[in-house]
Amino acid sequence: MALTATEIGSIVQEFAPALADGWIQKISQPLSDTLILEVRVPGHTRRLLCSLRNDTARVHFVDQHLPNPPTPPSFCQLLRARIQGARIDAICHIPGDRIVRLDLTSRDGPVSLIAELFSRNGDLLFLDGEGRTVATIRHNKDRVGQTYEPPTAIPSRPTPHDPAAPELEPQLPTDQNPFPLSSRLEILYREREAELSHQTQIRQRESGLRKNLKKLLRRMAALRHDLDQAGRYESYARYGELLKANLGLLKKGQSAVSVVDYYDEQLPELTIPLDPTKGPQTNMDAYFAKYRKFVSAQREISPRLTVIETEVQQTQAELEMIKQGTWQAPSTEGGSTERVTPAPRRNRAVDRESRGPFRRFVSSDGHPILVGRNARENDELTFGHAKSEDLWLHARGTPGSHVVVRLDKGTEPPPETVRDAATLALLYSDLKKSGKGDVIYTRRKWVKKAKGQAPGAVTVTQEKSIYVTLDKPRLDALKSRGAQ
């Protein structure tokens, strides 16, 4: 069903005058070897199809839209960047050969498209102003950078008549059909190429869904692992309360203590492991801190896990539709299908809590740490978001971020949490370059707005000070927990 050079010449002669003074307003590539240029001319929009498929290579006008893949191929993206909006200067057929040339003026200057409509190994080349090949639709790297030279013409020989070949004897155009040759070719190949385009679209969508599913499953497994790890600390609140009730019995150096478990109706004796290098108060605080990790994980990880599980279910459902052959491409106004199916809606409340408006971290003891990004956020964080018992920190005597540690009422900040927050206050201040300095800290209730000063300016009372250096392992751990 290959077209001869004479037939290609007749088709070009039919449509070329209709594209005079036109400009390319849209480019699509529904198949790997098929390109469609949407050309705007005064009073009309024409779609010029160029197919490089073996045995059906051709160029002609089409009326019917072909579905596009979710992501445009790289050659299509290149042409969109380089010639979308370009003016068509000339369209010509190379006599005696199956080659069509489009000369364009783009914003970068003269460029050309060369369509080699051979029955085997046809190609579409994009040339720069000096006639060098920039790219080809077949991704032929050997031709890139080379000056384009048309193939040497071979004298044509009579070939047996192919009964399946289209009959393209000239016909006079009419008011209803000004492009009879294009119409005949479009009818001949319409169903076949629409089905090929649809199958290509399905393959690309399936590939994208499977990649996304793998990523979602990895994230889901990681979150479940974190939740399981935190679940080990669920009973640590009871251990902390039992140690608190028996604090007078504890001494530094003990590796364990046996206490009566008054949380159990049978009042059994319970042995609680201790760190012999820590004192009684520190051992008790460590158990409460680990319990807070469990609470924090339940509050922050569980909603995220629910969102991801929903995305996994929707992705699996779409893959099942593809498997059963019931999947349909999402359509938009005008018939374009290049946009992918939108992702499921995320829980916006969870997103706001986990992402903004401040920088967010979690201390080694499980306490949330919030850091302002600028003067406006500093003011909002300190006087609009922080509670009176929260811990407030700032690098001493230099511009920098306000840092707030969220604390439960009546609790003291663990020493490691204070050092974590102070390290962040140093990092997001003008002391960052020196890598060391003093950081002041106090309860939020002792921080007041400076009257008549810019947002973020404060006066502080009852502050304490801690000297810190930028500890890379500590910062890496904070950033890792913040990313999670």
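The values are calculated or read from the model by the stated rules, or taken from the named source; none is laboratory data. Note that the structure is a prediction, hence the values are computed from the model and not measured. Every residue, glycine as well, gets a Cβ built from its backbone with ideal geometry; the counts of neighbours run over all protein chains shown.
Quick rundown of the values:
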read-out: Of all residues in region 39-62 being in contact (Cβ under 8 Å) with a residue 40 or more places away in the chain, more than 33 Å from the chain's Cα centre (by Cα) and not in a loop (DSSP other than H, G, I, E, B), the one that is nearest to GLU186 (Cα to Cα); value: VAL62
read-out: Residue check, ARG101 part of a strand (DSSP E or B), buried (at least 16 other Cβ atoms within 10 Å of the Cβ), among the basic types (Lys, Arg) and touching a strand residue (DSSP E or B) at 6+ places or on another chain (Cβ under 6 Å); value: yes
read-out: Exclusive hit being among the hydroxyl-bearing types (Ser, Thr, Tyr), buried (at least 21 other Cβ atoms within 10 Å of the Cβ) and in contact (Cβ under 8 Å) with a residue 12 or more places away in the chain, set SER10, SER28, SER32; value: SER28
read-out: Filtered residues of region 276-306 (kept if within 21 Å of the chain's Cα centre (by Cα) and exposed (fewer than 15 other Cβ atoms within 10 Å of the Cβ)); value: THR306
read-out: Region 184-221: number of residues that are surrounded by 13 or more Cβ atoms within 10 Å (Cβ to Cβ) and closer than 29 Å to ALA289 by Cβ; value: 2
read-out: Members of region 363-385 that are buried (at least 23 other Cβ atoms within 10 Å of the Cβ) and of a type in the set (A, V, I, L, M, F, W, C); value: ILE369, LEU370, VAL371, LEU381
read-out: Whichever residue in region 315-327 is surrounded by 11 or more Cβ atoms within 10 Å (Cβ to Cβ) and over 19 Å from the mean Cα position of the chain (by Cα) and, among such residues, is modelled with the lowest pLDDT; value: TRP327
read-out: Where a residue in region 69-90 is closer than 13 Å to HIS139 by Cα and its partner, wherever it lies, is exposed (fewer than 14 other Cβ atoms within 10 Å of the Cβ), with Cβ under 9 Å and at least six apart; value: SER74/HIS139; PHE75/HIS139
read-out: First in region 309-328 and under 14 Å from ARG219 (Cβ atoms), second anywhere and aromatic (Phe, Trp, Tyr) and part of a helix (DSSP H, G or I), Cβ under 7 Å, 6 or more apart; value: none
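Yes/no matrix, rows are residues, columns are (1) more than 39 Å from the chain's Cα centre (by Cα); (2) in a helix (DSSP H, G or I); (3) at pLDDT below 85:
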position	(1), (2), (3)
ARG184	yes, yes, no
ARG190	no, yes, yes
SER197	no, yes, yes
GLN204	no, yes, yes
LEU209	no, yes, no
ASN212	no, yes, no
ALA221	no, yes, no
HIS225	no, yes, yes
LYS244	yes, yes, no
